[in-house]
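The structure appears below as structure tokens.
The values are calculated or read from the model by the stated rules, or taken from the named source; none is laboratory data. This is a predicted model, so every value here is computed, not measured. Please note: Cβ atoms are built from the backbone with ideal geometry, for glycine as well, and neighbour counts cover all protein chains shown. Side chains included, ligands, DNA and RNA excluded: accessible areas come from the protein's heavy atoms. Shrake-Rupley method; radii C 1.70, N 1.55, O 1.52, S 1.80 Å.
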Amino acid sequence: MYERLVAFQGLAAATAGIGKDPVNLPMIRHWCEAMGDAHPAYRGPDAVAPPTMLQAWTMGGLSGHTDRSSAYEELFALLDGAGYTSVVATDCEQEYLRPLRPGDEIGFDTVIESVSERKTTKLGTGYFVTTRTDVRAGGELAGTHRFRILKYAPAARPPRKPPARRPRPVINRDNAGFWEGVAEHRLLIQRCGGCAALRFPWLPGCADCGSREWDTVEASGSGTVFSYVVMHHPPFLAFDPPYAVGLIELAEGVRMISNVVGVPYDKVRIGMPVRLEFLRVDEDLELPVFRAGGED
């Protein structure tokens, strides 16, 4: 294959090509605006074209080139037929010999300068093809443009991994009732049977009076952001940082940690009113989160 490809080295890709437009001020102006180049040399009655516009005067536009040689077409047909059907531009080199001015009529010749041996890249395996275009103005050599592409067979993509799942909450006999409430879209708070103190997270006994008796009350769902952090690192697979994690003070007086949603992470503020809602994160896990905005 390589022997067949190198036979094209030195053959013409385009001969006696003619630029579709002479060098002109409108195109120079558009180029300078797009590039943010305000150099005074590119404006006024004595304007010259920016040197890096060299290729622009030889491009085929949306209608394409009509001056390609048969050798160029045969080279690419050979590569396509061998499975190297994808193409990506890799780099270019330009040499400037004289400035181009509005009114210059552009002519050019292009040669297939080199074809590399087969190379393996992250994109895939293929061949680098370099063409050299000699650009002339009024028959005088004005510059040279080398353009290099990679014609390649795309590398096989690794099989897509299933999306990462959120870590499962640890459910035990002390907090099972809380998760049963979440499944019913109820946020349950423990209430001590001895002193009636509310507590969260759930515990087997009261930290105030030591009683092991308790029942529950259902939270109203309203609260405020007592404090928060914005998580950037580490990048856990099931999460998409940055995101806000809030310490939410419920209207009942207890606090719990949860995500703050419904507002960009950098707009979360201490004291912001929030409202409880339940977020399904996968087919068998739903979590309580708090949406910025407060009461309905």
Extended-chain gain in nm, criterion 0.36 nm per residue less alpha-carbon gap, TRP31 and ARG269: 81.2 nm
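Among the listed pairs LYS20/LYS151; LYS122/LYS161; LYS161/LYS267, give every one whose C-alpha distance is greater than 31 Å.
LYS161/LYS267
Using the Cβ atoms and a cut-off under 14 Å, what net charge is assigned to the surroundings of CYS206, where Lys and Arg are +1 and Asp and Glu are -1? Don't skip to the answer; put the middle values down first.
On the way: positive: ARG191, ARG199, ARG212; negative: ASP174, ASP208, GLU213, ASP215.
Here the count lands on -1.
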Theoretical gain in end-to-end length, SER211 to ALA16 [0.36 nm per residue, Cα-Cα removed]: 60.5 nm
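Using the Cα centre of the chain as the reference point, and only Cβ charges (+1 on K/R, -1 on D/E), how large is the resulting charge dipole? Debye, rounded to the nearest 20.
Values: 32 positive and 37 negative charges, 103 e Å.
Dipole of the chain, to the nearest 20 debye: 500 debye.
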Label-point separation in nm, VAL229 to ALA38, each point 7 Å along Cα→Cβ: 4.6 nm
Euclidean distance of C-alpha centroids, the range 48-91 and the range 166-231, integer Å: 68 Å
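With contacts defined as alpha carbon pairs under 8 Å and 6 or more residues apart, what's the relative contact order of the chain in percent?
Values: 577 pairs, mean separation 38.5, N = 296.
With pairs under 8 Å counted, the relative contact order is 13 percent.
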Ordering of 78-84, 154-160 by packing [mean C-beta count within 10 Å, highest first]: 78-84, 154-160
Gained length - GLU117 relative to VAL88, 0.36 nm times residue gap less alpha-carbon distance: 8.8 nm
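Whenever you get a sec, compute what percent of the accessible area on the range 19-90 sits on carbon and sulfur atoms (1.4 Å probe). Mind dumping the intermediate values first?
Values: 2460 of 4260 Å².
Looking at the range 19-90 in its full context, I get 58 percent from C and S.
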Percent carbon-and-sulfur accessible area, the range 173-281, ignoring ligands, DNA and RNA, probe 1.4 Å: 54 percent
Cα gyration tensor category, rounded, prolate or oblate, for the range 77-125 with a/c compared to 1.5: prolate
Furthest towards positive pole of dipole, HIS232, ALA16, HIS39, structure part the chain, Cβ charges: HIS232
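When a/c reaches 1.5 or more, the comparison of a/b and b/c decides; with that in mind, is the range 121-175 rounded, prolate or oblate per its Cα gyration tensor? Walk me through the intermediate numbers first.
Working: a/c = 10.40, a/b = 3.70, b/c = 2.81.
Judged from the Cα gyration tensor, the range 121-175 comes out prolate (a/c at least 1.5, a/b above b/c).
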Dipole of the range 98-181, positive direction: furthest Cα of PHE147, THR121, PHE178, with charges on the beta-carbon: PHE178
Dipole in debye (nearest 20) - the range 45-193, about Cα centre, beta carbon charges: Lys, Arg +1; Asp, Glu -1: 1560 debye
Crossing angle, helix 70-81 versus the chain [Cα axis fit, 0-90 degrees, rounded to tens]: 30 degrees
